[in-house]
Amino acid sequence: MIRRALPLLALIAVAPLLLGAAGDAVRVTPLARDGQVYVSFSLDGGLTPDMRETIRSGLQTSYGYDIELRRGVTIWFDRTLAATTVTATVQFDNLTRRHQLSRSIDGRVDAAEVTESDEEVGRWMTSFERLPLFSTADLEPNAEYYVRVRARTRPRSTWSLWPWGGGQWGHATFTFIP
Amino acid sequence: MATPLRAASSIRPAPPAPQPARPPRRPIRDNPRLLLAGIVVLVAAFVGLLALASRTTSFSPDFLTEVVLYALSVADLTMLVGLVFVLARNIIKLLVERRRALPFARFRAKLVAVLLGLTLIPSILVLLVGSELIRNSTDRWFNAPMDEVLSSANRIAADYYAERQRFVLAQAARIAKTLGDVDLQSANVPGLQDRLGPEVAEDRLKLVEVFRVTADAGPSRVAPILDVASPSLPPGALRASAERLASHVATGAGETWALEPMAIGGELLRGAAAVRAPDGRITGVVVASDYLTGELAARSRRMTAAYEDYRQLRVLKAPLFGVYVSFFLMVTLMILVGATWMGLYLAKRITRPVQLLAVAAREIGAGHLDHRVERETADEFGALVEAFNSMAEELATSRQDLERSAIDLERKHLEGEGRRRYIETILERIATGVISIDERGAISTVNDAAGRLLGVGAEAVGRQATEVFAREDLSPMSTLLRSAATGGEESPPQEIALTRDGRDVHLAAVATALTGDGGHVEGAVLVFDDVTPLIRSQKVAAWREVARRLAHEIKNPLTPIQLSAERLQRHFGTAPPPTRALVDECTTTIVNEVESLKGLVDEFSQFARMPSPKTVPTVLGALLDDTLALYDGLFAELRFERRFAADLPIVRVDPEQMRRVVINLVDNAVEAMERRGVITVETHHDPANHLARIIVADDGPGITTADREKLFMPYFSTKRRGSGLGLAIVRRIIAEHGGSIDVTDNAPRGTRFTIELPC
């Protein structure tokens, strides 16, 4: 019985590591400067064909990015110092063949744009440059932190009996030097 | 010795009846109201599910896939977990019950399994077939002709809009180019109205608006100069959208366009182009607008909407498939949960009364006759429960009657036991010997007196009486028993003389047959008394009377005889010598014999007129020491040994009579030993029997067994010259003191007299 359970227990133990390793599909670049932590991140591969198809269907499509500033804790769960959500939304009008783009940070609209360019849509949805998301006021000098980003898409075009979870992950470590 | 009598009854009082148990609280699943509520909830959920399913077409695909799908997944998983929990719980319960060998566990499991199987198989089949049907149906939605039609329609509409967009932009660019030489910065631009009027008059455009780019115009950077509208343009065009467009172009972003829905319907397609001065500087913006009628715009929108709906369905095909499968899955799970629940309920419904009856049967078997089964239904099980309760009631009543009878029996038994102990105590204490013989002729009881008198012990109990009494000395008892065994009338007491340990024992015995209710002989009782002392006393009394008469009759003539002889002697004192010698010789003989007779008569008289002892507290050791001191120095070859107990208490005796007893015994011993040997005088204290013992033992020739019993009878003597009254007087003195005297052989030789005196 114990012999049978051991592999399962081992799998459960290493599952977070495996998931983390397999989920680094978001490239993250943090930069602490001028009292802010600027976070640049982009989704590897940009828009997938499925997402392009979804956008072309006229559905309001959004990419949600949950960004967390965290600090590692030995032998315990890492501590989340701050968290924010950046959402990029696009809606394509098949009649005018134009994309209505918008970005919001924690529900507050940050920018909006109309474009006919698919490449622009791809950049808008999957690439973010130097977003000033966190303050460095509470950061400890010379301490190591990391930014973790989880990307979610909506609506989803797949189905499984367990609809929760999923998403793509990425993280990057930095040392705060004031 | 008596054997203990066995208890007549083994009935024990019943254990105290338990308090009537409160009916156990029904489980939730057995509560009809809750059951009904559960069914209502299930039906309501089912109806709600149907309603939701019927309205799915009105929901947006996004709502279906993001809200409904999640809700259905949650519901499905919850029901699945619930079903697995219920099944796992019941499987574990089944295993436990089977291990405990509880009744109906297997039956209940089978019933649930059958019901579950009956519903599981068709439900799964329906789920699979339904899922496949849904998959095929959704695949059929997205066939090639439909795709082509919708795509073409959308392309037509979009191309039309694109063509109009290009036209408007071209017109805006053309007009902007014509205005390149116009100073749009001046407050009044003369002739501009005239230049733009034809653009509208020819109905190529519905609206032309001109903006100047100015640095102080605020964030919009542009300020309106004029607008020229076609009369056919419906009202409601908003300048704000044109200004926004112009502002955007003024930044140098190039041509751009916008679509503005009108309030009355239709859309205004706007195109903006920058007005550049000859030096290339942007001095203004021209916004040209064309009106797309409401019907055209609506149709275009509908075509596009149909196309988008189609594409959205195709994009969300998998989640939508999941929604419908989740519906099916939910229905399946509801059926399974319902079937499981119903199976458990039915199993409980069937087995619970039987289980309750089984438990109640065990309770009643354990003596708890007040246990009842609650009647839960009015069907056959209810009737069975009612019959069981009636049976239990009758059992309880019978039990109460039995308990009353047992109590009466116990009381009688106790009474009988008391009587038995009373009789047993009497039998143990009385001097009368009692032996009971059962119908098989075996001895059943022997009391102490019987054992002592007959010399039989407890080992005689259980043995055949004929075997026990086959001993030669007990043979007269066999004869008596035989006569009683014939069942005849009670014979009068018979005197039976036995010889025990060389002594004659006289018993007055009577044997009585024990007859049962039908006259059947069930045994016999042999009762006998030791009459040896009585006979002995009678003999002594007779001898005392003889002695008194002899003393009286003989003593009176002795004196005249002696006087006459002395007179003859005196008378013939002068006679011739031969005569005188003869007379002297004869008279002397007469006088001597008369003296001897007088001594004999005195002893007789003394035996007959023995005075009552005058007892005083006496130290026996000192008394014996004083008495034995009389013999000091009298016999050279005789030695006395004194062994007096130190703890001997003071005894009330008549010292003179006791001294005479000791002297008599010692004299007899001295004479028997021919004045040679050792005479031992001992005293012992027997505190258990409150006795003081005096033992006088010698190492002489001893006494034969035949003489031993006669030894204490008057006029029995082994001496050549003895009256035979010495030991008779000794026995009488001891008897007058309440004691006894016995003679046995001394070890290794000689005679041993033992005197027992109460103390």
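The values are calculated or read from the model by the stated rules, or taken from the named source; none is laboratory data. All of these numbers come straight from a predicted model, not from anything done at the bench. All Cβ positions, glycine included, derive from the backbone under ideal geometry; neighbour counts span all protein chains shown.
General remarks:
- Qualifying residue in the range B:414-428 (condition: part of a loop (DSSP other than H, G, I, E, B) and not small (G, A, S)): no
This table checks each residue for (1) under 19 Å from B:C759 (Cβ atoms); (2) without any contact (Cβ under 8 Å) to a residue 40 or more places away in the chain.
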position: B:T627; (1), (2): yes, yes
position: B:L630; (1), (2): no, yes
position: B:E641; (1), (2): no, no
position: B:P649; (1), (2): yes, no
position: B:L665; (1), (2): no, no
position: B:V670; (1), (2): no, yes
position: B:A688; (1), (2): yes, yes
position: B:A706; (1), (2): no, no
position: B:E709; (1), (2): no, no
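- Every condition in (1) away from chain B (no Cβ under 14 Å); (2) out of contact with any Lys or Arg (no Cβ under 7 Å at 6 or more places or on another chain); (3) in contact (Cβ under 8 Å) with a residue 24 or more places away in the chain; (4) not acidic (D, E) holds for A:H99 except the one numbered (1).
- Residues in the range A:125-156 that are closer than 26 Å to A:A111 by Cβ and either of a type in the set (A, V, I, L, M) or within 14 Å of chain B (Cβ to nearest Cβ) (or both): A:M125, A:L131, A:L133, A:A137, A:V147, A:V149, A:A151, A:R152, A:T153, A:R154, A:P155, A:R156.
- Within the range B:313-331, considering residues that are surrounded by fewer than 22 Cβ atoms within 10 Å (Cβ to Cβ) and closer than 20 Å to A:D50 by Cα, the one nearest to the other protein chains (Cβ to nearest Cβ): B:A318
- Output for the range B:422-441, where each listed residue is modelled with pLDDT under 90 and either more than 30 Å from B:S475 (Cβ to Cβ) or in contact with a Lys or Arg (Cβ under 7 Å, 6 or more places away or on another chain) (or both): B:T425
- Output for the range B:276-309, where each listed residue is of a type in the set (S, T, Y), surrounded by 15 or more Cβ atoms within 10 Å (Cβ to Cβ) and closer than 20 Å to B:R166 by Cβ: B:S289, B:Y291, B:S300, B:T304
- Residue tally, condition out of contact with any Leu (no Cβ under 9 Å at 6 or more places or on another chain), within 14 Å of another protein chain (Cβ to nearest Cβ) and of a type in the set (S, T, Y), over the range A:71-96: 0
- For the range B:136-159, the count of residues that are of a type in the set (G, A, S), within 14 Å of chain A (Cβ to nearest Cβ) and closer than 22 Å to B:S289 by Cα is at least one.
- Checked against the criterion of being surrounded by 14 or more Cβ atoms within 10 Å (Cβ to Cβ) and more than 14 Å from chain A (Cβ to nearest Cβ), the range B:54-65 contains one or more residues that satisfy it.
- Of all residues in the range B:656-702, those satisfying the criterion of being surrounded by fewer than 16 Cβ atoms within 10 Å (Cβ to Cβ) and within 21 Å of B:I729 (Cα to Cα) are B:E656, B:D667, B:E671.
- Any chance A:G46 is away from chain B (no Cβ under 14 Å) and assigned to a loop (DSSP other than H, G, I, E, B): yes
- Residues in the range B:157-214 that are part of a helix (DSSP H, G or I), more than 24 Å from B:R301 (Cα to Cα) and of a type in the set (S, T, Y): B:T178 alone.
- A:E116 being within 14 Å of chain B (Cβ to nearest Cβ) and surrounded by 13 or more Cβ atoms within 10 Å (Cβ to Cβ): no
- Some residue of the range A:55-66 being away from chain B (no Cβ under 14 Å) and farther than 30 Å from B:P261 by Cβ: yes
Rundown of residues vs (1) away from chain A (no Cβ under 13 Å); (2) under 22 Å from B:L64 (Cβ atoms); (3) under 60 Å from the mean Cα position of the chain (by Cα), yes/no style:
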{"position": "B:L292", "(1), (2), (3)": "no, no, no"}
{"position": "B:T304", "(1), (2), (3)": "no, yes, no"}
{"position": "B:T340", "(1), (2), (3)": "yes, no, yes"}
{"position": "B:G343", "(1), (2), (3)": "yes, no, yes"}
{"position": "B:T351", "(1), (2), (3)": "yes, no, yes"}
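- From the options B:L346, B:L414, residue that is closer than 21 Å to B:G82 by Cα and surrounded by fewer than 18 Cβ atoms within 10 Å (Cβ to Cβ): B:L346
- Scanning the range B:85-106 for residues that are closer than 19 Å to B:M342 by Cα and either within 14 Å of another protein chain (Cβ to nearest Cβ) or touching a Lys or Arg at 6+ places or on another chain (Cβ under 8 Å) (or both) returns B:L94, B:A105, B:R106.
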